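Remarks on the structure that follows.
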Amino acid sequence: MFVVGAAGPLRTGIEPLLTLNTMNPMNRISAAARLLCVAVLSLVSVSCSCRGGAEPVVYLDMSAWRQVRTDDADACARMWDELHCAATLQGVVNRRAPLLYIDYVANEFMEVDRFWWDECRREGGWLAGRDTVVCRDVAEAVERYADRLRGAVVYDPAVASTSCVASAVAGVEDLVAVRYDTTPGSLYDRLVVHGPQLKVRVWLVNEDGTPMFTGRGTVPQTDRASTGSVKVDPYVWFVERYMKRGRCSGEYGAYYLDQYWHQRTGAAPMNAHCLTNHDFFVSRRAFFFDLSPWGDEAATDDPSQPVGSDLAMLKELLGEAYRLNGGKRMCHIGGFPAWAYKYTRHAGGSHEDVATEWEFSRIISAYNAFKDADAIGYGAMANASFWQHYPTAESYPQKWVDDEDLRRRGYLDEAGHVRLDGCKFIVFYVGDYDASAWITAVLPHLWNGPARGKLPLMWCISPVLERRAPMVLDYVRRTASENDYFAAADNGAGYLMPGMLQAPRPISDLPDGLDVWAAHCRPYYEKWGLTITGFVIDGEAPGLTDDGLACYASFSPNGIVPQKTPRTRLYGEMPVLRAGADLVRSPRENAAFIVDDMRRNPIPFGWYRDILKSPSWHVEMMDEVKRLDPTIELLDAPTFFELYRRWLRENPDAAAGRIE
């Protein structure tokens with residue numbers, strides 16, 4: 001254990017944090033130990049200035065909110081208020097420097113926020129020299145940073161969508177979001193009525209607590225007629241007052257659950273409200289929304305709205321973002337359809353989960369937007385506004401194979417031709433790592449398993465996740481074995497459906513977006529040493545045309561794996577392989593499937609996808625594969641795709657896509 005000096009007053013004065021070498025955030029020092037630490041620090045003349053002149057990090061412990069029961073409505077409301085306020089506060093104060101860190105997110109594998117904090121506090125780590133102040137109350141943290149805030153935006157508990165709009169306004173105006181609640185002791189009471197008495201700069205509810213948005217007449221403070229939807233009108237208000245005036249970013253959007261969550265708190269893990277995910281997008285002055293992608297039925301959370309109201313608003317928001325970007329930049333949208341709560345059969349709608357995921361992806365892609373897919377399960381992430389300042393290396397190169405490598409290992413004959421010798425080659429798409437939340441919350445548990453390095457695995461991680469989780473991408477590169485190789489996850493530097501970038505684009509009627517996508521992806525691929533796109537989700541979008549293939553060849557020259565493509569193709573020198581099956585059963589059952597599938601496969605190359613599986617799981621599966629069929633060999637990604645490219649050159653029908 002070690003003592004970290006803390007500078008700067010809180011309610012209890014100068015308070016040191018004793019950082020324990022443990023992942024248990026409940027292990028906090030007692031009052032007596034705290035006094036002892038103060039005495040020790042006084043003896044060594046710890047001053048109230050920080051090392052190197054940097055401000056101390058405020059560590060806001062919100063871990064107690066993990067224990068809230070879904071059937072305790074009052075506790076859920078208090079938790080919502082505090083986490084929402086904390087996330088917007090983080091977004092403002094962390095915009096230019098990492099100052100406020102919270103401890104909240106945990107799952108069955110790990111205490112996520114504590115793990116990454118401890119990792120970066122290690123000797124030589126990024127935060128090893130930073131002074132730290134511990135804080136256990138969000139109101140206390142607000143008071144500490146009151147001079148960084150312009151005040152508060154207050155939203156309406158009776159109009160769910162105003163909570164999303166409040167996060168967007170908070171980012172633009174440097175405010176904290178506070179739900180209107182005059183109950184004594186509420187957060188509104190502690191921050192606005194009493195305490196620092198924050199000035200309310202923006203009201204999304206009338207000052208007497210009655211709804212500002214009614215779904216009738218004219219949308220307040222605009223000249224637009226109401227949409228007829230109480231839910232949608234606040235977004236109209238935001239478009240008119242912020243987006244059309246160029247006051248928010250078009251490069252960042254946030255698709256997270258609004259306060260309708262209170263009506264179905266038990267539908268998914270408690271932290272699936274994803275309030276802690278807001279901070280990064282607040283820091284980037286993003287627009288926020290929670291809207292259905294379906295135009296054939298009213299949104300399940302607003303059944304009285306005119307059918308298609310949500311979809312029309314979604315398209316308007318995306319169109320405004322495109323305009324703000326001048327059609328030259330991609331829009332990064334954090335989040336995912338909240339399928340357990342809304343818009344699907346789980347919530348009284350008519351559509352399935354995956355169909356809803358794909359429809360949302362199809363629509364946003366038509367407007368040059370992609371998603372950072374914080375999906376339910378492991379969708380909660382905190383502190384991205386803090387981690388965005390983590391220093392990464394200038395580049396992370398990876399080695400490709402050459403003729404000498406392949407000959408030495410027996411894969412090429414002396415003439416340079418591929419030697420099959422009756423063998424069949426497979427590669428695993430190890431995913432899904434297309435979400436900052438997922439790689440932060442689950443990847444370390446899987447990555448640090450005892451079997452990693454025993455097999456060649458192709459870890460497929462979207463490189464754009466460096467924006468919110470750079471410490472994770474850096475961590476796996478620094479600790480990788482020779483058998484760990486990295487490719488891009490679906491569908492490059494972000495999850496979209498690239499077929500919707502291709503003109504004509506009937507949803508949006510916008511110009512072709514392939515060049516914008518290539519310009520977006522290229523620097524990420526170059527920095528992280530990526531030359532393979534491990535999976536291209538086509539979903540319900542058109543497959544890649546020759547123009548689409550040329551786009552990918554410009555930044556992913558060593559291979560792509562789409563869904564809607566002939567089984568084999570060589571586009572120029574880029575190998576194209578149609579995606580195979582998902583491995584969703586036990587290792588033994590999957591092994592039997594792989595053996596049978598490769599027996600039926602007309603080509604000696606097979607691709608298989610698994611989701612959140614450990615190296616040990618892969619070892620168990622491959623042991624069974626080798627027992628059943630010793631001719632099947634699992635290859636590292638460079639060898640697999642290089643041999644496949646050379647095999648395509650030697651087989652003109654395969655190269656031309658004539659093998660089925």
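The values are calculated or read from the model by the stated rules, or taken from the named source; none is laboratory data. None of the values given here were measured: they were computed from a predicted structure. Side chains included, ligands, DNA and RNA excluded: accessible areas come from the protein's heavy atoms. Shrake-Rupley method; radii C 1.70, N 1.55, O 1.52, S 1.80 Å.
What the table below lists for this structure:
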read-out: Helix-only mean residue ellipticity at 222 nm for the chain, each DSSP H run of n ≥ 4 adding -39500 (n - 2.57), per residue, nearest 500; value: -9000 deg cm²/dmol
read-out: Computed over segment 257-307, Kirkwood Rh from alpha-carbon pairs, angstrom; value: 12.9 Å
read-out: Long-range HN-HN contacts of residue 569 with modeled amide H, under 5 Å; value: 576
read-out: Per residue convex hull volume, Cα atoms of segment 325-413, in Å³; value: 251 Å³
read-out: Length gained when the stretch residue 479-residue 596 is fully extended (0.36 nm per residue, less Cα-Cα span); value: 38.6 nm
read-out: Tilt relative to the chain, helix 112-121 - C-alpha long axis, 0 to 90 degrees, to 10; value: 90 degrees
read-out: Descending principal axes extents, segment 436-548, alpha-carbon based, whole Å; value: 50, 25, 24
read-out: Whether segment 368-522 is rounded, prolate or oblate, judged on the alpha carbon gyration tensor where a/c under 1.5 counts as rounded; value: oblate
read-out: Table column - 3J(HN,Hα) (Hz), segment 405-420, Karplus curve with 6.51, -1.76, 1.60, x for Gly and Pro; value: 4, 5, 5, 4, 8, x, 8, 10, 8, 5, 7, x, 8, 5, 9, 8
read-out: Values of log10 I(q)/I(0), in the order q = 0.12, 0.13 Å⁻¹, for segment 244-359 under a Debye, Cα-only, solvent-free model; value: -0.45, -0.52
read-out: Most to least accessible of 148, 216, 224 (protein chains only, probe 1.4 Å); value: 216, 148, 224
read-out: Cα long-axis angle, helix 587-600 against the chain (0 to 90 degrees, to the nearest 10); value: 40 degrees
read-out: Fraction of the pair-distance distribution of segment 184-328 above 22 Å, Cα-Cα pairs, percent; value: 50 percent
read-out: Chain lengthening between residue 394 and residue 245 when straightened (0.36 nm per residue, less Cα-Cα); value: 50.0 nm
read-out: Per residue accessible area of the chain, 1.4 Å probe, in Å²; value: 36 Å²
read-out: For Rg/Rh (Cα atoms, Kirkwood Rh), calculated from these coordinates, the label among (i) 0.96; (ii) 0.99; (iii) 1.10; value: (ii)
read-out: Expected-Rg normalisation [2.2 N^0.38 Å, Cα atoms] applied to segment 495-583; value: 1.05
read-out: Phi to ³J(HN,Hα) by Karplus 6.51 cos²θ - 1.76 cosθ + 1.60 over segment 359-373, Hz, x for Gly, Pro; value: 5, 4, 4, 4, 5, 5, 5, 5, 10, 6, 10, 10, 10, 9, 7
read-out: Carbon + sulfur, % of accessible area of segment 568-660 - ligands and nucleic acids excluded, 1.4 Å; value: 48 percent
read-out: From phi via Karplus (6.51, -1.76, 1.60), per-residue ³J(HN,Hα) for segment 388-393 in Hz, x at Gly/Pro; value: 4, 8, 5, x, 9, 6
read-out: Cross-link table 231/371; 399/626; 454/626, entries beyond 19 Å C-alpha to C-alpha; value: 231/371; 399/626
read-out: In degrees, nearest ten, helix 73-93 long axis to first principal axis of the chain (Cα); value: 80 degrees
